[in-house]
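Trainee: Structure provided below as structure tokens; questions to follow.
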Amino acid sequence: MTPVNGAHALLATLEANGVTTCFANPGTSEMHFVAGLDDIRAVHAILCLFEGVATGAADGYARVTRRPAATLLHLGPGLANGWANLHNARRAHVPLLNIIGDHATYHGAFNAPLQSDIRALASALDGWIRTSTDSDHVASDVADAIHAAYGPPSQVATLILPADVSWNELTTRPAKWPVVSRPPLIAPSEHELVRAIDALRSKRTAILVGGATLDAEQLNLAERIAVASSSKFLVETFPAIMERGVGIASPERLIYVPEFAAAQLQDIDALVVLGARDPVSFFAYPNVPSALRAPTCDLIDIGAPGTDTLSALTVLADALGPARIPAAVGDVADAPSGELTTQSLAAAIAATLPDDCVVSDESNTAGVHFYGATRFAPRHSWMTLTGGAIGMGLPLALGAAVGSGRRVLALEADGSMMYTLQALWTMARESLDVTVVGLSNRSYAILNFERQRVGAIGEGSAGQRLLDIDDPTLDLCALASAQGVPSVRVTTAEELVEALRRSYATPGPMFIEAVLPKRLI
């Protein structure tokens, strides 16, 4: 019988549980995992040239499939490199299996150069953590990690695998590898449902949805409840993944600017929250409250992450009875022409968007009009920056393309793009159908906006130099071409429309640099 080591047990258990995609950036400690891929071919390992690409891709994969992918990272520094996009995955509440190779158990005593406290780094992700200490226990450890990743709520599960536990042979090969079932969702609180029904019937109420409530069925059900109760219907500012387009209810998006968001919630006596959080300002500003709802507004939270939100919505809808929902009628704007602005950018995206596309949106300031412009576009899935750690857009698109097999559109601001540019190389290597629109305004435009918001306006150029990225000017097309992705630069709305249509009709990735005015806001 062929010897089976800890790495084989890990891979076989992944395969048995349907975790067959691994986004990897391995090192010496992970070489037995790498070798094991030749024996267990069902696990598809995808090389990423930076750990932040691997972790962001695993997030994107989980958002579209609702199943975990694995990452393979090298020791504490590898985890640190991938941490920002794990933070975004944590805030998205997706299932993700984070495998970290470590030094051999006996080698840790020597304080080698790459020795670090991996558990301390992983613990800040607020997820499940275990160090596998015995090759015979690796399979059960992996199964426990997968079970933990599913939750509820879904989370980042980190398994630390020392090199010797990976290479040591099992004393006994199990008759079959452990398989776990997905745990059931948490039942909604009956007490909170009763409170919600009373508020919807008798108070000025807003319904705020997010998280798992954002598929077409639940959005339409939530809209029915809002109409039946004459309530305001809102969606969280940065959803993990939301179904959008013709025939799907489109709640008002909670505005990023806190004063405007507070205005959306003013005169509300009760806020019913399903799958979202009690809304707060993204940052603190002088003389601006952090909480967005008024102190007198009652919070009714009936759908925290991991809750069966469909069940909760069904109870509310049955209690409130049928509602006559006005037909949502509208057209997608015609393909725009002329100058390329934030408005014409949004119109071009909406006019050309193919059916069943997945959109990874890290457009930041340049994409301010996208949500409204795509209201009646063909049905699509929309993913955003849940945790605020920039550099997620390209990796998220990569993982979504692998997981869904659908065309993916990545709207990527130039400053954010530079964090994880290496994702383009993996898109080319895997021949993924990803259209990337690089939004080139040659500035950290959001920081120009935020500097004004906090009142930190200087007279000189020293501070401004930290916000501009045009000296030297980034050649985004050249950067994409160097990674193996065909590229084109567009400066007008007509050129953008033509490039988008050509990309959607052509298999494989394409990069479009859209040159926008430097000062967007």
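Trainee: Measuring from the lowest to the highest alpha carbon on each principal axis, how far does the stretch 342-515 reach, largest first, in angstroms?
Mentor: So the three principal-axis extents are 49, 36, 33 Å.
Trainee: A further question follows. Grab the beta carbon distance between ASP475 and ALA80, set R0 = 41 Å, and tell me the FRET efficiency rounded to 0.05. Intermediate results must be reported in sequence, preceding the final value.
Mentor: Values: r = 30 Å, r/R0 = 0.72.
For ASP475 and ALA80, the calculated efficiency is 0.90.
Trainee: Can you find, among ALA84, GLY438, LEU159, the residue sitting farthest towards the positive end of the charge dipole of the chain, where Lys and Arg contribute +1 and Asp and Glu -1 at Cβ?
Mentor: Of the candidates, GLY438 comes out farthest on the positive side.
Trainee: Additional query: Any chance you could give the angle, 0 to 90 degrees and rounded to 10, that helix 342-352 forms with the longest Cα principal axis of the chain?
Mentor: Long axis of 342-352 versus the principal axis of the chain: about 70 degrees.
Trainee: Candidates [x] 23.7, 70; [y] 28.3, 95; [z] 23.9, 75; which is the computed Rg and Dmax of the Cα atoms in Å?
Mentor: [z]
Trainee: Moving to a separate point now. Peptides 396-404, 122-130: what's the order by average Cβ count within 10 Å, highest mean first?
Mentor: In decreasing order of mean packing, 396-404, 122-130 become 396-404, 122-130.
Trainee: Moving on to the next point. Compute the distance in nm between two label points, each set 7 Å from the Cα along the Cα-to-Cβ direction, one at ALA294 and one at ALA263.
Mentor: Inter-label distance under the simple model: 1.6 nm.
Trainee: Loop-only trypsin sites (Lys or Arg not before Pro) in the stretch 17-100, please: DSSP not H, G, I, E or B, and at most 16 other Cβ atoms within 10 Å.
Mentor: Sparse-neighbourhood loop trypsin sites (Lys or Arg not before Pro): ARG41, ARG66.
Trainee: By how many nm would the segment from TYR285 to ALA120 lengthen if fully extended, with 0.36 nm per residue of separation less the alpha-carbon distance?
Mentor: Values: separation 165, 0.36 × 165 = 59.40 nm, distance 3.11 nm.
Using 0.36 nm per residue and subtracting the Cα-Cα distance, I get 56.3 nm.
Trainee: Work through the residues other than GLY438 whose Cβ is under 10 Å from its Cβ and net out their charges, Lys, Arg +1 and Asp, Glu -1.
Mentor: So the surrounding residues net to -2.
Trainee: Give the Rg (one decimal place) followed by the Dmax (whole number) of the stretch 105-146, computed from C-alpha coordinates and expressed in Å.
Mentor: 12.4, 32
Trainee: Once the Cα atoms of helix 190-202 and of the chain are each reduced to a long axis, what angle between those two axes, in degrees from 0 to 90 to the nearest 10, is obtained?
Mentor: 10 degrees
Trainee: If the only charges are +1 at each Lys and Arg Cβ and -1 at each Asp and Glu Cβ, what is the size of the charge dipole of the chain around the Cα centre, to the nearest 20 debye?
Mentor: Computed about the Cα centre, the dipole is about 620 debye.
Trainee: Next question, about the same structure. Within the set of other residues whose C-beta is less than 14 Å from the C-beta of GLY393, count the net charge using Lys and Arg as +1 and Asp and Glu as -1.
Mentor: -4
Trainee: Related question: Would you mind computing the Rg to Rh ratio of the stretch 210-293 from its alpha-carbon coordinates, Kirkwood style for Rh? Let's see the in-between values first.
Mentor: Working: Rg = 13.2 Å, Rh = 13.6 Å.
Across the stretch 210-293, the Cα-based Rg/Rh ratio is 0.98.
Trainee: Once you order the gyration tensor axes a ≥ b ≥ c over the Cα atoms, which shape class does the stretch 6-167 get: rounded for a/c under 1.5, otherwise prolate or oblate by comparing a/b with b/c?
Mentor: Values: a/c = 1.44, a/b = 1.18, b/c = 1.23.
Rounded is the answer for the stretch 6-167, as its axis ratio a/c remains below 1.5.
Trainee: Can you tell me what the convex hull of the Cα atoms of the stretch 193-350 projects to on average, as an area in nm²? The partial results should precede the final answer.
Mentor: On the way: hull surface 43.0 nm².
Orientation-averaged projected area of the Cα hull: 10.8 nm².
Trainee: So, by mean Cβ neighbours within 10 angstrom, what's the order for 381-392, 13-24, 45-56, 497-508 with the highest one leading?
Mentor: Highest mean packing first, the order is 45-56, 381-392, 13-24, 497-508.
Trainee: If you don't mind, another one. Would you order PHE233, PHE511 from fewest to most other beta-carbon atoms within 10 Å of each residue's own beta-carbon? Numbers along the way, then the final one.
Mentor: Details: PHE233 20, PHE511 28.
Placing the least packed residue first, the sequence is PHE233, PHE511.
Trainee: Using the charge dipole of the chain (Lys, Arg: +1 at Cβ; Asp, Glu: -1 at Cβ; taken about the Cα centre), state which of THR491, LEU340, PHE110 has its Cα farthest towards the positive end.
Mentor: Of the options given, the answer is LEU340.
Taken together, the values in this text are just the output of simple stated rules run on the coordinates, not laboratory data. Since this is a predicted model, take the numbers as computed values, not measurements. So basically every Cβ, Gly included, is an ideal-geometry build from the backbone, and we count neighbours across all protein chains shown.
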